[in-house]
Amino acid sequence: MQERFLFEYAVIRVMPRVEREEFINVGIILFCAKQKFLKSVFSLDQNRIMAFASDLDLDEILDNLSAFERISAGSAGSGSIGQYDMASRFRWLTATRSTVVQCSKVHPGFCLNAEETLLNLHQKLVL
């Protein structure tokens, strides 16, 4: 039997008016310590976003979502947060905040392959 690994994920959301608590799911961030995996993926349906909140600055939203990807990867241009260890980067990215781009609560699960699980969650919860 293959070993299953504990993972944690959150849904990345665009919430144009925080006080209304309405949002559109746009991405997933997934962390699996045993597989040394932390990655974010997003899909921004610009037509859907503009129908939902026509006054949003899409370039700013894309910049914020791209920052999630850079920080998750710990890549160049991810600033001081991108230099933290994976668990700390995940906790920082999923921390509760009152901004237009934010995350759901963190949910746990078990997986065989973190990358496949990330893509499956993205398909089910975002697309």
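Here are a few things to note about the model shown:
- Test for C103: is it touching a strand residue (DSSP E or B) at 6+ places or on another chain (Cβ under 7 Å) and more than 14 Å from V11 (Cβ to Cβ): no
- When the range 101-114 is filtered for residues that are surrounded by 15 or more Cβ atoms within 10 Å (Cβ to Cβ) and either under 16 Å from F68 (Cα atoms) or within 16 Å of the chain's Cα centre (by Cα) (or both), the ones remaining, listed by number, are V101, Q102, C103, S104, V106, A114.
- Flag if S40 is at pLDDT 95 or above and among the polar types (S, T, N, Q): yes
- Among residues of the range 72-102, those that are without any contact (Cβ under 8 Å) to a residue 24 or more places away in the chain and assigned to a helix (DSSP H, G or I), counted: 6
- Selected residue (criterion: farthest from L127 (Cα to Cα)) from residues of the range 15-44 that are touching a Ser or Thr at 6+ places or on another chain (Cβ under 9 Å) and small (G, A, S): S40
- Enumeration of residues in the range 83-100 that are at pLDDT below 95 and surrounded by 15 or more Cβ atoms within 10 Å (Cβ to Cβ): V100
- When the range 14-36 is filtered for residues that are under 30 Å from N113 (Cβ atoms) and over 12 Å from the mean Cα position of the chain (by Cα), the ones remaining, listed by number, are F23, I24, C32, A33, K34, Q35, K36.
- For L44: the one exception among (1) among the aliphatic types (A, V, I, L, M); (2) without any contact (Cβ under 8 Å) to a residue 40 or more places away in the chain; (3) in a strand (DSSP E or B): (3)
- Options F52, F5; residue that is more than 18 Å from the chain's Cα centre (by Cα), surrounded by 13 or more Cβ atoms within 10 Å (Cβ to Cβ), at pLDDT below 95 and among the aromatic types (F, W, Y): F52
- Of the criteria (1) touching a helix residue (DSSP H, G or I) at 6+ places or on another chain (Cβ under 6 Å); (2) in a loop (DSSP other than H, G, I, E, B); (3) among the small types (G, A, S), which one A10 fails: (2)
The values are calculated or read from the model by the stated rules, or taken from the named source; none is laboratory data. Bear in mind the structure is a predicted one, so any value in this text is a computation, not a measurement. A quick note on method: Cβ atoms are made from the backbone with ideal geometry, for glycine too, and the neighbour counts reach across all protein chains shown.
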